[in-house]
1. Place the peptides 5-15, 35-45 in order of packing, highest mean first, counting for every residue the other Cβ atoms within 10 Å and averaging per peptide.
2. Rank these for me by crowding, 189, 184, going from fewest to most other beta carbons within 10 Å.
3. Using the count of nearby Cβ atoms within 10 Å as a rough guide to exposure, how do 231, 179 rank from fewest to most?
4. Quick one: if you stick a label point 7 Å off each Cα along the C-beta vector at residue 19 and residue 208, how many nm between them?
5. Counting just the Cα atoms, what span does the stretch 1-130 cover along each of its three principal axes? Round to the nearest Å and put the largest first.
6. In what order do 118, 172, 210 fall by count of nearby beta-carbon atoms within 10 Å, going from fewest to most?
Amino acid sequence: MHVLPEAEFRQVRTDRNRDKITREQQQGLLRRRIGVIGLSVGSSAALACALEGVGGAFRLADFDRLSLSNLNRLGAGVHDLGTEKSVLCARPLYELDPYLDIEVHRGGVTEETVADFFGGGDDDGDTLVGTMGLLVEGYGSNAMLTSLVLLPGAPMRGHGHEAGRLLMAYGFGPLGLHRIWAGHRSDHHVMPQVMHAAGLRPEATLRQLFRTQGCWHDVTTYAAVAPEWKRQATPRELAILDGAPHLDRV
């Protein structure tokens, strides 16, 4: 089979995105590297990114193989039973875009391999030092600010609230969210200061929400709504809020 050269192939394949973003923005997204750990539900997230042209490189990690009980959430069939989930995820991505750079981590991510999974690899010399995300919920304009994870020795320690605020500015700006919430174990004595610095305010205590280390734990939740949060945004955050076009959530 003959396909177009890489640049022309991607220009044509993502052409319908022009109603949402410019070609320059699309190129910027294609230069990103996407990492997905856990490839049951995660495989759908990876495929959605590839479909939209978000990420020209992927790192896929899962130690597991497909079982019958996975077929309620993973796009595969009985003929795939026993196949490694990382392979099942990589296959449709390659079929969609044969120019993708895909790394398959068949052993998943462990304490010994986490630095390798998150480390370097970008042509511009950038090195990923941690992760933080917005989990956009399926109703209204609501999202959860997921936990900040920093790699050992990362130079950003002590700046979790700053990373959170930049991500919240992106949520309230380009994503058009109205409410962002977060939570932490109620016995965590540092996180209240981080939440407050991020512009999140206490809402409720959820009693005995999850069990770990042999006991049940309460969770304190916090939230911010767009009109209030924007009033205390910094100039840098205002630039994110007001300077980018609104994107459709995918």
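1. Going by the mean number of other Cβ atoms within 10 Å, highest first, we get 35-45, 5-15.
2. 189, 184
3. 231, 179
4. Here the answer is 5.1 nm between the modelled labels.
5. Projected onto its principal axes, the Cα set of the stretch 1-130 covers 41, 35, 28 Å.
6. In increasing order of surrounding Cβ atoms, one gets 210, 118, 172.
Quick note: the coordinates plus some simple rules give every number you see, no bench work behind them. Remember, predicted model here, so these are calculated numbers, not experimental data. Methodologically, a virtual Cβ is constructed for each residue, glycine included, from the backbone with ideal geometry; neighbour enumeration extends over all protein chains shown.
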